[in-house]
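Quick notes on the structure that follows.
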Amino acid sequence: MSGLLNGKVALITGGGSGIGAAIAKRFVAEGAKIVITGRRKEALAETVDALPKGSILPFASDVSNPDDAKAMVDETVKFGGKIDILVNNAGIDPAGSVVDVSIEQWRSVIETNLFGPFYTMKYALPYMIEAGGGSIVNIGSLAGLRRIPAMPAYCTSKSGLIGLSQSVALDYGQYNIRCNVVAPGATRTVMLENSMKGLADSLGTDITGALDYMTRFNPLPHAASTDNIAGAVVFFAGDDSVTITGTVLPVDSGSCVVDPNGAALAGRAWGAD
């Protein structure tokens, strides 16, 4: 790696698995010291064990709890002496239309996916202001830009996160603090694979086959990897993006530019069935 984050100190929520673990590994490889948080101690330990000692600190906590959010920010400053980068990655995505989703599930999604980033930014921003700047990268989703059937809680939380991020970018740019959103499309994680079991069964195939089917009309007809997402986050976290803030970057193999109706009609032009 090229040391893009040498000397930086970062907090990564949801850092024990999936996209968060990939971001953690890439950050350390690029020279950062990091704190990773999450609810599952075992998952955090797996990420820590894969990285050099002294470069990473696990902190078991729940980002939807404001006291936990404050504690994780304070722990990051204690560990690294400052906080240069905040990555809000923790998220959940239970399905259910407005009638079907329970009030408890709705509240849990909003509190984790939207309140959580609000809390961590609220407590991290004063440290960044004092230090003369920083970079916040919020992990959104294409679901924040368009809708997924029967997932109103998740879509609403990610739409809200975009608005919140752009407000932070507007209000805190004067302090040399940037705030951007990375919006993954289909990304091969355990969370996505679990949600695709029904599609795989209906097609008579496995998860790989279901992913191939789902992404067949993308300009780049494949799902993203967690490393692809981590690369985009490194860009926003580092100094190469010092004039970029308030941006939403889809990392989605181009799916955001496709009209699914037109793609279906013209499918054979892409060699699809």
Go through 224, 237 for me and flag whichever is in contact (Cβ under 8 Å) with a residue 40 or more places away in the chain, in contact with an Asp or Glu (Cβ under 9 Å, 6 or more places away or on another chain) and more than 18 Å from residue 189 (Cβ to Cβ).
237
For region 128-148, check the following and say yes or no: at least one residue is surrounded by fewer than 15 Cβ atoms within 10 Å (Cβ to Cβ) and either basic (Lys, Arg) or under 16 Å from the mean Cα position of the chain (by Cα) (or both).
yes
Mind listing whichever residues of region 240-260 are part of a helix (DSSP H, G or I), in contact (Cβ under 8 Å) with a residue 40 or more places away in the chain and farther than 20 Å from residue 133 by Cα?
255, 256, 260
Where a residue in region 10-27 is under 18 Å from residue 70 (Cβ atoms) and its partner, wherever it lies, is among the charged types (D, E, K, R) and in a helix (DSSP H, G or I), with Cβ under 9 Å and at least six apart
11/75
Could you tell me whether region 145-160 includes any residue that is of a type outside the set (Ser, Thr, Tyr) and touching a strand residue (DSSP E or B) at 6+ places or on another chain (Cβ under 6 Å)?
no
Only one of (1) out of contact with any Cys (no Cβ under 9 Å at 6 or more places or on another chain); (2) buried (at least 18 other Cβ atoms within 10 Å of the Cβ); (3) closer than 27 Å to residue 239 by Cβ; (4) of a type in the set (Ser, Thr, Tyr) fails for residue 165. Which number is that?
(1)
Among the residues of region 142-157, is any of a type in the set (Lys, Arg) and farther than 29 Å from residue 4 by Cβ?
yes
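All of the numbers you see were taken from the coordinates with simple rules; none came from a lab. None of the values given here were measured: they were computed from a predicted structure. Note that we place each Cβ from the backbone using ideal geometry, even for glycine, and neighbour counts take in every protein chain shown.
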